[in-house]
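The values are calculated or read from the model by the stated rules, or taken from the named source; none is laboratory data. Please read these numbers as outputs of a predicted model, since none were measured by experiment. Note: ideal-geometry Cβ built from the backbone for every residue, glycine included; neighbour counts use all protein chains shown.
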Amino acid sequence: MTAAVAPVAGRELSNPPSDGISNLRFSNHSDHLLVSSWDKTVRLYDASANVLRGEFMHGGAVLDCCFHDDSSGFSAGADNTVRRLVFNYGKEDILGRHDAPVRCVEYSYTIGQVITGSWDKTLKCWDPRGASGQEHTLVGTYSQPERVYSISLVGHRLVVATAGRHVNVYDLRNMSQPEQRRESSLKYQTRCVRCYPNGTGFALSSVEGRVAMEFFDLSEAGQSKKYAFKCHRKSEAGRDIVYPVNSIAFHPIYGTFATGGCDGYVNVWDGNNKKRLYQYSKYPTSIAALSFSRDGRLLAVASSYTFEEGDKPHEPDSIFVRSVNEVEVKPKPKVYPTPPA
Amino acid sequence: MEIQFKATRSVHFLCIRSAIIYLYLRLPELCKGHCLNMSSYPSRQIQQLETTCGSLLSELQKIWDEVGESEADRDKMLYDLEQECLEIYRRKVEEANQNRAQLRKVIADAKAEIAHICSALNEDLACARQSARSLKEEMEAIAHEVEQMQEKKIRRRNEIVEVLDQIQAVSKEIYSPEDESHYDVILDETDLSLKKLEELRKALSGLQKEKSDRLKLVLDHLKTLDTLCLVLGLDFKQKVAEVHPSLDESSGSKNLSCDTIERLAAAIQSLREIKIERMQKLQDLGTSMLELWTLMDTPMEEQQMFQRVTCNIAATEDEITEPNSLSSNFIKFAEDEVLRLEGLKSSKMKDLILKKQLELEELLRRAHMVCEADSAKEYSVEAIESGALDPVSLMEQIEHQIEEAKGDAFSRNDILEKVDKWLAACEEECWLEEYTMDDNRYNAGRGAHLALKRAEKARAIITKIPAMVEALTVKTTAWEKEKGKEFLYDGVRLLSMLNQYSVIRQEKERERQRQRDQKKLQEQLIVEQEALFGSKPSPTKNIKGAPKNVAGWAARRFSLGGIMLQTPMNEKVAVCSRPTRKIDLLNRKSPLNYNQDGHSPALSSGKRKENAGRPIRKHSTSNANAHRAEPSVIRKPFSPIPSATISSNANITNTLEDHEKNLMLQKTNISNGTPLAPSKLFPVKEVTETPRTMPNPIPLTPPTVSVPMQTATTMITPSVLYGATRVDDIPEHIELSFEERRAGFIPPKPHVRPVLQL
């Protein structure tokens, strides 16, 4: 852990949420940043300009949010509702409801649907173009073995991680049943799942300082590539202190990824070469969420207490946007111990 | 720009221009290396654009002047114009930026691809590109490189696939389909290195070597099989087809699987066993053939026909290579010959037995003993013909009888001589009596002087007869005492003969005495009568009957020859009484001979070896006979030559063969146990991955030191810090995420299994 720490944490955004940040995401079209929070708000920032562009107030805590296009997005609320937000007009409407708080939301550009996962043990697909009202927008409800904790999309694939360490892999073109049913290769509760940008697999993090790299290819050769590694731990007096890994974000260009843990550190990893590329200086509190901008030149870091130790006094919630140096995220090819024959 | 504006407006214009020029100047920078080629927009055009802008502005000025637009409107319009322009520029800049990011992504992807390929090929990355060049150049270069690398990868992959295919093909040929998976090598796309290729090639050449080894083995086996089939007179093709149909084809590939080789070996083994079995049979036949030949003095030319049988008599298994020399036909042929010879032998045996029988009879007759075997003769011939009696034992029996008879005859010789003399004397006595009674004996005639001489001799002999009889009686009594049996002379006891003779002689003596007395009386009477009457009567007519008596008895003795043999009563006694007595004797002497009445199976075999068991004769004639049979090492006529040497030879060869066989078995065991060490040929795939905990050997620039991931598994330590405080109203055993706990969410159906106790 002797990696040199960058001196600057990045630019801190003004007007941060007043309570825990549940998620943040960069737009695919601009450097706009959408942030959901336990303070019942969804905020839109212009990250490069450090300006708060808009704010939506909901009836309950917001557990997730995502962009639709540059001018609209979706939010998942603890009040069981899925909302559509139109930024230009500050307008919001309800896309539909779950039977329990909605934990996560994703928009699939390939099928043009919103996918939400909830603690009511279901996954629902919505068509945002339909007229308002659940009966018009709901495409399908797919029951899950447990409460949904995290979902991620790549191409036609959807990975759903739930309580009880279940992992279901769906093909969006045939949602009737999972393409693969798996058990997390980690022993502890799943915290976050994110697909590789190249669509070959997914990374999965757990509350016990560990990340598993998995592959969709079920052949022996494909499965032999999977592995898991430890991270976000601290050795103190011979005892490992283990922190949950809250967030994973893949670099859109290089395919490397950043992880954020409750230890307040952000690490950048090269999954192919099994190397840690970089560690940023410690943030004031747990890293709740991470997002790379569309060209990978900016990284948004939500430093916000994630309630891992219950209600307690903690550092203020803040969002840092740091520009990413290429060297921090560019993969380093393997160095061979012997020159090739 | 000579036109005069109002101060505010000119500010606007300046603003617009500067903005335009600024953006314009930035564009090339942004478009550097992008699709937009700024060189097509030379500065002249900018100049032109400027003047056009100026002229357009002045035109607008004129129009406004003409229209009389208010200053505020003019300012607003100019401001709008400025904004529009700016918007357009901004969009362009945005586009260019997007483009650049795209290009970078493409390059990064290409680099990742190259790195991936390089890692697969286990090659060093080509030296890092100078990033000073424009992105486009870089992209082109890298695209070219990717293409090259991909080509290289495909080439390498094809090479490996080709080798793999060959491996697959060869291993398919070598191994049976069941264990094919063992060598079902899959192509590992991530390892296409030369080393791997080399490994695979080595594996291939190993496999090919094994294949050629196996081919050689199979061909060897086939050759062995062929010679075996040839020797045994079997159909080679059929035999091979039984093992595997592919082996039959002279050309074309042969099945080389272990299974086939094992089956081939098994076929060879079984054929070899058959061969050994047949060989032993043939050798047995050959041995008996030779024995029979020597026994019967078979002529050479007859033997010549079976030279092939006998030439292999002492050969070991692998010396017999002549085609068909062990075929079943050939063995049948030899068997037939042996059977024929056996038949011949038994017929000759019969002749011989008859001859011996005659000899015995002659002997007995000469010794004046009663022939006891005459009935046995017919008996034995019948028995031989019906096969109930072994000619050999019968032969022995007869031989034994002859022997015995000879012994008896010898012991009797002494007495018999005396008996002869005695009888001759008796004859002379008889003759003398008759001669004495011939009144004309003194007539002078031819040979009268001879008769006189004979009479003289006879009188001399006769005087010796009493002594002779006396001596004979003593001798005979002694003999009888010695032998414990009566001395029979032609079936009559000699002593009784002597007694009878003595009695007759005494009678004769008395008669003579009486005659002499009578004669004396007569002479006295005649003398008295002559004294009275003067005449003499002849005395001869009165004594005529008595001497005839003696002579008749003698005549009966002399004519005994074959007459005695025809007396049925005697014969019967001999036949009936003897066996029972013998059995008694034997029973008393050797109670072990329990099976003398039954058929001894050991006896029926003509080729029985001496050591196979002591022969027990059914018709053994006496105790002595049984005793003599005991030291049975002496070869009897027609008994087979003790084949001890041959059999011991055979034993030796057998054991040798057994030993060889054992060795062979061991060999096959060994070869089965360690099947050519394929592990050597196919080295376990070496782990080519770098160790995960390998420290980075070349330290990079300090801020970007890459640290290897800790992928090793460790147990979680109890000192987990998170979740130290609990929300009281949540059941502890339910797995909850931090968000759920914060939201106070309690799942409706409690999840029983705690994944992590928090």
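Quick grid of which residues meet (1) closer than 12 Å to A:Val148 by Cβ; (2) hydroxyl-bearing (Ser, Thr, Tyr); (3) away from chain B (no Cβ under 14 Å):
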{"site": "A:Phe67", "(1), (2), (3)": "no, no, yes"}
{"site": "A:Asp70", "(1), (2), (3)": "no, no, no"}
{"site": "A:Asn80", "(1), (2), (3)": "no, no, no"}
{"site": "A:Val86", "(1), (2), (3)": "no, no, yes"}
{"site": "A:Asp93", "(1), (2), (3)": "no, no, yes"}
{"site": "A:Glu106", "(1), (2), (3)": "yes, no, yes"}
{"site": "A:Gln113", "(1), (2), (3)": "no, no, yes"}
{"site": "A:Gly117", "(1), (2), (3)": "yes, no, no"}
{"site": "A:Gly130", "(1), (2), (3)": "no, no, yes"}
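The set of residues in region A:292-341 that are assigned to a loop (DSSP other than H, G, I, E, B), of a type in the set (A, V, I, L, M) and modelled with pLDDT of 90 or more contains only A:Val324.
Checked against the criterion of being in contact with a Gly (Cβ under 6 Å, 6 or more places away or on another chain) and free of Cβ contacts under 8 Å to residues at least 24 places away in the same chain, region A:206-228 has at least one qualifying residue. When the residues of region A:271-291 are filtered to those that are within 18 Å of the chain's Cα centre (by Cα) and part of a strand (DSSP E or B), the one that is surrounded by the most Cβ atoms within 10 Å (Cβ to Cβ) is A:Ile287.
Of all residue pairs spaced 6 or more apart or on separate chains, none has beta-carbon atoms under 7 Å together with a first member in region B:95-108 that is within 8 Å of chain A (Cβ to nearest Cβ) and a second member that is of a type outside the set (A, V, I, L, M, F, W, C) and exposed (fewer than 14 other Cβ atoms within 10 Å of the Cβ).
Restrict the check to region A:60-79 and report whether at least one residue is assigned to a loop (DSSP other than H, G, I, E, B), surrounded by fewer than 19 Cβ atoms within 10 Å (Cβ to Cβ), touching a strand residue (DSSP E or B) at 6+ places or on another chain (Cβ under 6 Å) and not aliphatic (A, V, I, L, M). Yes, the conditions are met somewhere in region A:60-79. Out of all the residues in region A:194-205, which are within 9 Å of another protein chain (Cβ to nearest Cβ) and outside any loop (DSSP other than H, G, I, E, B)? Those that are within 9 Å of another protein chain (Cβ to nearest Cβ) and outside any loop (DSSP other than H, G, I, E, B): none in region A:194-205.
Counted as qualifying within region A:91-185 are the strands (runs of 3 or more DSSP E) with 1 or more residues that are surrounded by 22 or more Cβ atoms within 10 Å (Cβ to Cβ), namely A:91-97, A:102-108, A:113-118, A:122-126, A:148-154, A:157-162, A:166-171.
When region A:297-313 is filtered for residues that are farther than 17 Å from A:Pro244 by Cβ and in contact (Cβ under 8 Å) with a residue 12 or more places away in the chain, the ones remaining, listed by number, are A:Arg297, A:Leu298, A:Leu299, A:Ala300.
With respect to the conditions (1) touching a Pro at 6+ places or on another chain (Cβ under 8 Å); (2) within 19 Å of B:Phe487 (Cβ to Cβ), B:Glu433 lacks only one, and its number is (2). Name the residue that is modelled with the highest pLDDT, counting only residues in region B:116-129 that are surrounded by fewer than 19 Cβ atoms within 10 Å (Cβ to Cβ) and facing chain A (nearest Cβ under 10 Å). Going through the qualifying residues, I end up with B:His116.
When B:Glu66, B:Glu95 are checked against the criterion of being loosely packed, with under 11 Cβ neighbours inside 10 Å and not basic (Lys, Arg), B:Glu66 stands alone in meeting it.
Each row is one residue, and each column tells you yes or no for (1) under 60 Å from the mean Cα position of the chain (by Cα); (2) within 27 Å of A:Ser48 (Cβ to Cβ); (3) not in a helix (DSSP H, G or I).
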residue	(1), (2), (3)
B:Leu49	no, no, no
B:Ser58	no, no, no
B:Lys62	no, no, no
B:Met77	no, no, no
B:Asn97	no, yes, no
B:Val106	no, yes, no
B:Asp109	no, yes, no
B:Ser119	yes, no, no
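Restricting region B:420-474 to residues that are in contact with a Phe, Trp or Tyr (Cβ under 9 Å, 6 or more places away or on another chain) and among the charged types (D, E, K, R) leaves a set whose member that is modelled with the lowest pLDDT is B:Arg441. Going by the conditions given, is B:Ser181 at pLDDT below 75 and assigned to a helix (DSSP H, G or I)? So B:Ser181 fits the description; yes.
In region B:262-313, of all residues being touching a residue at least 60 places away in the same chain (Cβ under 8 Å) and of a type in the set (Gly, Ala, Ser), the one that is nearest to B:Ala241 (Cα to Cα) corresponds to B:Ala265. Could you look through region A:232-261, keep only residues that are out of contact with any helix residue (DSSP H, G or I) (no Cβ under 9 Å at 6 or more places or on another chain) and within 7 Å of another protein chain (Cβ to nearest Cβ), and pick out the one that is farthest from A:Gly296 (Cα to Cα)? The residue in question is A:Arg239. Filtered by the rule that a residue be part of a strand (DSSP E or B) and closer than 27 Å to B:Ala101 by Cα, region A:216-257 gives A:Ser247, A:Ile248, A:Ala249, A:Phe250, A:Phe257.
Answer yes if at least one residue in region B:298-306 is of a type in the set (D, E, K, R) and under 27 Å from B:Leu228 (Cα atoms), and no otherwise. No; the residues of region B:298-306 include none that is of a type in the set (D, E, K, R) and under 27 Å from B:Leu228 (Cα atoms).
Restricted to region B:474-506, and to residues there that are over 22 Å from B:Glu429 (Cβ atoms) and assigned to a helix (DSSP H, G or I), the residue that is nearest to the chain's Cα centre (by Cα) is B:Lys483.
The condition (being closer than 28 Å to A:Ser281 by Cβ, at pLDDT 95 or above and of a type in the set (Ser, Thr, Tyr)) is satisfied by just one residue among A:Ser30, A:Ser36: A:Ser36.
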